[in-house]
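Report on one structure; see the data block that follows.
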Amino acid sequence: MAAPAGPGRRWVVLGIALLALVGCGVGVAVVVGGGGSTTRDPASLSAVAHGTHPPRLVERDIARATTAFGIDGEPERISGGWEAEDPARSIYFLKSPSAWYLTYEDSSILLEPAGDREAICAARNAPFACTLPGVELLADTAADPPNRATAARAARGVLERAGLLAGSWSTLVMEPSVDVPPCRPELHTAFDCSRQVVPTRAVMLTREFGAGTTAARFGVVVGPHGRVLSVTGRVAEHTSD
């Protein structure tokens, strides 16, 4: 039986989550020099440590991203940033002293039709849910993972439409994986979310700023037919920009 989650998405999301924790960490340091000690504020320390700062994103920029990601809802201010949600999708922008951190999830694949359980469970790499009686399975359980070109095009396309790919970005497309699709609490779906898996590819997009700086980076999980299931990312500019 296929495992419920492969390494692609897990490592992409974990890596960027760790960057977010570093970027959002706060503290006060005392710097001792020839003239005595001075206290540096957390924002200054973070910007210096990463060599980046958050770009200026106003409400219309957040609204553009919201539309690009297909969310049927207006962006709203929250503590530390912005959010936009509808029953199937959500996006969050949280601001730190060195960058914005983005999280997006799309659960709409769970609104797609059910597949033929017998045919799905007869496959060589049948999902674990086939060991559980009576669990309905998505038709996309048996779909092919997106190929490299489709995954890269889907990842770049949505971020370009969102206005988040200024500058030069490298692209790394990972090997196919199997992942549990996102499931929003408000979603009215006929499926047991925790038992569903679909084939995916993870795409990493990176904008380097040079030695001693923290790159801007997006991890994008692309599902069957080029559907973007999730995005995590660090949106930043070099301190000289």
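Going toward the positive end of the dipole of region 82-147, with +1 on Lys and Arg Cβ and -1 on Asp and Glu Cβ, which of SER98, CYS121, PRO146 do you reach last?
Ranked along the dipole, the leading option is SER98.
Quick check on region 56-135: take the gyration tensor over C-alpha atoms, sort the square-rooted eigenvalues as a ≥ b ≥ c, and tell me if it's rounded (a/c under 1.5), prolate or oblate.
Since a/c reaches 1.5 and a/b is larger than b/c, the shape of region 56-135 is classed as prolate.
Does region 121-241 come out rounded, prolate or oblate, given a ≥ b ≥ c as the square roots of the eigenvalues of its C-alpha gyration tensor, rounded meaning a/c under 1.5 and, failing that, prolate meaning a/b above b/c?
Cα axes put region 121-241 in the prolate bin.
Relative contact order of region 94-241: what whole-number percent is it, with Cα pairs under 8 angstrom and at least 6 residues apart?
Across region 94-241, relative contact order equals 31 percent.
Hey, what do the phi angles of region 136-141 turn into as Karplus ³J(HN,Hα) couplings, whole Hz, using 6.51/-1.76/1.60 and θ = phi - 60°, x for Gly and Pro?
Calculated HN-Hα couplings, in order: 5, 10, 4, 4, 5, 4 Hz.
Quick note: the coordinates plus some simple rules give every number you see, no bench work behind them. Just so we're clear, the structure is a prediction, and the values are computed from it rather than from any experiment. Heads up, the Cβs are rebuilt from the backbone with ideal geometry, glycines too, and the neighbour counts pull from every protein chain shown.
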